[in-house]
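One structure below.
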Amino acid sequence: PLPFTLPSLSVAQKSQLAAGERVQFQADMGREGNGYVVLDVRAPQEVIWDVLLDFQSYPDTIPTVRGVTMYTKVQKPDGRIREVALPDYHHLPQ
């Protein structure tokens with residue numbers, strides 16, 4: 001199962017996709033936001049996953065991404081869970 005819900009596309013959006021166009025949505029929530037882009041890609045599955053999982057390149061390849069910081073959850077000795085930034089996964093565009 002995916003850790004997120006895939007968007008439902010309208011009939012108009014499905015027509016855009018069938019015409020070879022991308023479908024894009026972005027919600028701005030102040031300093032943060034969310035969104036999605038849907039497009040058909042003709043490439044091997046492994047190549048697509050390699051690009052999607054290359055988070056450090058997002059600021060260089062996606063105009064709306066200003067920076068990337070990856071976090072992980074760690075358990076403190078007292079049992080509390082805390083999110084900490086992974087130092088190797090902080091990247092700002094060059």
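Tell me yes or no: at least one residue of region 78-89 is farther than 21 Å from PRO7 by Cβ, among the hydroxyl-bearing types (Ser, Thr, Tyr) and surrounded by fewer than 11 Cβ atoms within 10 Å (Cβ to Cβ).
Looking through region 78-89, none of the residues is farther than 21 Å from PRO7 by Cβ, among the hydroxyl-bearing types (Ser, Thr, Tyr) and surrounded by fewer than 11 Cβ atoms within 10 Å (Cβ to Cβ).
Go through region 13-34 and give me each residue that's closer than 26 Å to GLY67 by Cβ and without any contact (Cβ under 8 Å) to a residue 12 or more places away in the chain.
Residues satisfying the conditions are ALA27, ASP28, MET29, GLY30, ARG31, GLU32, GLY33, ASN34.
Scan region 3-12 residue by residue and report those that are over 23 Å from GLY67 (Cα atoms) and open to solvent by 100 Å² or more (accessible area, probe 1.4 Å).
Across region 3-12, the qualifying residues are THR5, LEU6, SER8, VAL11.
Mind listing just one residue for me: the one in region 13-68 that is outside any helix (DSSP H, G or I) and either among the acidic types (Asp, Glu) or in contact with a Cys (Cβ under 6 Å, 6 or more places away or on another chain) (or both) and, of those, surrounded by the fewest Cβ atoms within 10 Å (Cβ to Cβ)?
Across region 13-68, the extreme among qualifying residues is GLU32.
Name the pairs: first residue in region 54-81 and touching a residue at least 12 places away in the same chain (Cβ under 8 Å), second residue open to solvent by 100 Å² or more (accessible area, probe 1.4 Å) and of a type in the set (S, T, N, Q), Cβ to Cβ under 7 Å, at least 6 apart or on different chains?
Close Cβ pairs satisfying both conditions: ASP60/GLN94; THR64/GLN26.
The values are calculated or read from the model by the stated rules, or taken from the named source; none is laboratory data. Note that the coordinates shown come from a computational prediction; the quantities given were computed from them, not determined experimentally. In this analysis, Cβ positions are derived from the backbone assuming ideal geometry, glycine residues included, and neighbour counts consider all displayed protein chains. Protein only, heavy atoms only, side chains kept; ligands, DNA and RNA dropped before computing areas. Shrake-Rupley method; radii C 1.70, N 1.55, O 1.52, S 1.80 Å.
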